[in-house]
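Okay, so here's the structure we're looking at.
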Amino acid sequence: MCVGLTLGLAVGATSSGLAAAEFPQIQISSGTVRATIYLPDPQNGYYRATRFDWSGVVASLESGGHTYFGKWFDRYDPKIHDAIMGPVEEFLTKGAGLGYDAVAPGGSFVKIGVGALRKPDEPRFQQFHTYQILDTGKRTVDSGRDWIEFAQVLSDVNGYAYVYRKRLSLAKDRPELVLDHSLKNTGRKTIETSVYEHNFYMLDSQPAGPDYIVKFPFAPRATGDLAGLAEVRGKEVLFLRELTTGQSVYTGLEGYDGTAADYDIRVENRKTGAGVRQKGDQRLAKVVFWSNPKTVCPEAYIDLHLEPGQESKWRIAYEFYSLPPAKQ
């Protein structure tokens, strides 16, 4: 199946009244893993904000009798920056959009995976603001029974241009979701960017609390105040109490040596026995941990440097497994 999406200019900002089943979507299955993927669409897509890449929004995923992703936020609007689900990515250049600092108000800058955006008259980039989209590029979607691939081609925006591909595939011999990415610089200017995976884990829809454990291959050191809600013990981050409405945990984590071997994160829920192992093939550039009462989110960053004509590829694999559930 191949769907070509030529996305035009000036995407509207009105909210969609569509029910969840009516959003453009595709289901993929390997037998052991089943997932529903929302498709990028400038008029009817589930996500139309400008923070995260539009490709590969995982609305739900089931494996081994467990669920791993879902709606973790209370208020939905397609233009809200984090009204999104599953493992999603954001590209940032020095904390802003690509080319943001070099253009005057009214000019265009780039968010990779989104498109060309208009810079308003503002003192600084606002990561959580939804900007006016001027050009979403040309998008195509191709899929099979157990895979789906997205492509976005963005032409010249003040010297920046790229071809971005993202493929989600389910392994045939084990319960695993693999994300393969490629980014090719087809413009005149160097692309310098970081990209991180914001994993909105909701293991069996369990609340963030002492039943969760987050494991790293290194001994992390928290750089922020965990406010008595969580703590680091050895190579693990643990919750000391169940988070309640209005509470959140946010901290940077240090202690990794910057190799790909450190990109190996596990999140487990000891009450239900659901577990997921997230493993990348690139060196870690930064690690953040964030959680609110409904979702637990280790965030792993990598850095990309592409001269004109160069292409980078990277892979992230999610292995889903079961532990013996805790006795009640």
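The residue of region 11-40 that is modelled with the lowest pLDDT, among those that are surrounded by 17 or more Cβ atoms within 10 Å (Cβ to Cβ) and part of a loop (DSSP other than H, G, I, E, B), is 11. The lone criterion from (1) under 30 Å from residue 317 (Cβ atoms); (2) surrounded by fewer than 23 Cβ atoms within 10 Å (Cβ to Cβ); (3) touching a residue at least 40 places away in the same chain (Cβ under 8 Å); (4) hydroxyl-bearing (Ser, Thr, Tyr) left unmet by residue 68 is number (2). Would you check if residue 133 is among the hydrophobic types (A, V, I, L, M, F, W, C), within 28 Å of residue 318 (Cα to Cα), surrounded by 21 or more Cβ atoms within 10 Å (Cβ to Cβ) and in contact (Cβ under 8 Å) with a residue 24 or more places away in the chain? No. Evaluation of residue 185 against the conditions (1) surrounded by fewer than 17 Cβ atoms within 10 Å (Cβ to Cβ); (2) within 19 Å of residue 92 (Cβ to Cβ); (3) in contact with a strand residue (DSSP E or B) (Cβ under 8 Å, 6 or more places away or on another chain) shows that the sole unmet condition is (1). The residue of region 190-207 that is farthest from residue 317 (Cα to Cα), among those that are buried (at least 18 other Cβ atoms within 10 Å of the Cβ) and out of contact with any Asp or Glu (no Cβ under 9 Å at 6 or more places or on another chain), is 206.
Contact map, region 253-280: first residue polar (S, T, N, Q), second residue crowded, with 16+ Cβ neighbours inside 10 Å and not in a loop (DSSP other than H, G, I, E, B), Cβ cut-off under 6 Å, separation 6 or more or different chains; pairs are 269/203; 269/212; 272/204; 278/265; 278/318. Scan region 252-270 for residues that are buried (at least 19 other Cβ atoms within 10 Å of the Cβ) and in a loop (DSSP other than H, G, I, E, B) and the total you get is 2.
When residue 309 is tested against (1) under 27 Å from residue 184 (Cβ atoms); (2) surrounded by fewer than 14 Cβ atoms within 10 Å (Cβ to Cβ); (3) free of Cβ contacts under 8 Å to residues at least 60 places away in the same chain, exactly one condition is not met: (3).
Looking at region 106-122, can you tell me whether even one residue there is among the hydrophobic types (A, V, I, L, M, F, W, C), under 22 Å from the mean Cα position of the chain (by Cα), crowded, with 22+ Cβ neighbours inside 10 Å and in a loop (DSSP other than H, G, I, E, B)? Taking every residue of region 106-122 in turn, at least one turns out to be among the hydrophobic types (A, V, I, L, M, F, W, C), under 22 Å from the mean Cα position of the chain (by Cα), crowded, with 22+ Cβ neighbours inside 10 Å and in a loop (DSSP other than H, G, I, E, B).
Of the strands (runs of 3 or more DSSP E) entirely within region 123-219, those holding at least 1 residues that are over 23 Å from residue 288 (Cβ atoms) and not hydrophobic (A, V, I, L, M, F, W, C) occupy 133-135, 138-144, 147-157, 160-170, 176-185. Within region 312-328, restricting attention to residues that are more than 26 Å from residue 191 (Cβ to Cβ) and among the small types (Gly, Ala, Ser), the residue that is surrounded by the most Cβ atoms within 10 Å (Cβ to Cβ) is 322.
Hey, any hits in region 142-153 for a residue that's touching a Leu at 6+ places or on another chain (Cβ under 7 Å), touching a residue at least 12 places away in the same chain (Cβ under 8 Å) and under 30 Å from residue 259 (Cβ atoms)? Among the residues of region 142-153, at least one is touching a Leu at 6+ places or on another chain (Cβ under 7 Å), touching a residue at least 12 places away in the same chain (Cβ under 8 Å) and under 30 Å from residue 259 (Cβ atoms), which makes the answer yes. Take the conditions farther than 22 Å from residue 33 by Cβ, in contact with a Pro (Cβ under 9 Å, 6 or more places away or on another chain), outside any loop (DSSP other than H, G, I, E, B) and free of Cβ contacts under 8 Å to residues at least 24 places away in the same chain and apply them to residue 287. Does it pass? So residue 287 does not fit the description; no. In region 71-105, the residue that is surrounded by the most Cβ atoms within 10 Å (Cβ to Cβ) out of those that are hydroxyl-bearing (Ser, Thr, Tyr) and not in a strand (DSSP E or B) is 100.
Any residue at all in region 55-63 that is among the aliphatic types (A, V, I, L, M), in contact with a Leu (Cβ under 8 Å, 6 or more places away or on another chain) and modelled with pLDDT under 95? Taking every residue of region 55-63 in turn, none turns out to be among the aliphatic types (A, V, I, L, M), in contact with a Leu (Cβ under 8 Å, 6 or more places away or on another chain) and modelled with pLDDT under 95. Within region 190-207, one or more residues are small (Gly, Ala, Ser) and on the phi > 0 side of the Ramachandran plot. Restricting to region 144-174, name every residue that is over 23 Å from residue 308 (Cα atoms) and buried (at least 20 other Cβ atoms within 10 Å of the Cβ). 148, 168, 170 - these are the residues of region 144-174 that are over 23 Å from residue 308 (Cα atoms) and buried (at least 20 other Cβ atoms within 10 Å of the Cβ).
The values are calculated or read from the model by the stated rules, or taken from the named source; none is laboratory data. It should be emphasised that the depicted structure is a prediction, and the values quoted were computed from it without experimental measurement. A quick note on method: Cβ atoms are made from the backbone with ideal geometry, for glycine too, and the neighbour counts reach across all protein chains shown.
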